[in-house]
Amino acid sequence: MREHSALDRQRLRKVVTLLWQQPVFERRLAAVVLLESSRQLLEPGDVSFLERLLIDSKTWALVDQLAIAVVGSIIERNPSAAAVLDA
């Protein structure tokens, strides 16, 4: 997938939120793919936002990608971000 150079962190979160609003699997999968391909933009402060998506996803098909590829990459870069998940 091509890099999304027009996206910054704020736009990424806005697009993901718009895609996630409707409980349609394909829209939510597009949001997850976008997050995964732009994960370098995400910061420890995004873990709470991503945790809400994980809870709301209600299917392993989205949880696996979100937890491992997206949240995992944040925690790998910033181990202290795991404290948000432990709270």
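Values in this text are rule-based calculations from the coordinates and carry no lab data. Worth saying up front: this structure is predicted, and the values here are computed from it rather than measured. Here Cβ is always computed from backbone atoms with ideal geometry, including for glycine, and neighbour counts include all displayed protein chains.
Computed values, structure above
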item: Where labels lie 7 Å past Cα in the beta-carbon direction, separation of residue 85 and residue 69 in nm; result: 1.6
item: Long-range HN-HN contacts of residue 7 with modeled amide H, under 5 Å; result: none
item: Computed helical MRE - 222 nm, the chain, DSSP H runs ≥ 4 contributing -39500 (n - 2.57), nearest 500; result: -16500 deg cm²/dmol
item: Potential lengthening between residue 56 and residue 76 on full extension [0.36 nm per residue; Cα-Cα distance subtracted]; result: 4.9 nm
item: Furthest towards positive pole of dipole, 49, 71, 84, structure part the chain, Cβ charges; result: 49
item: Average Cα contact separation per residue, the chain, under 8 Å, 6 or more apart, as relative contact order %; result: 29
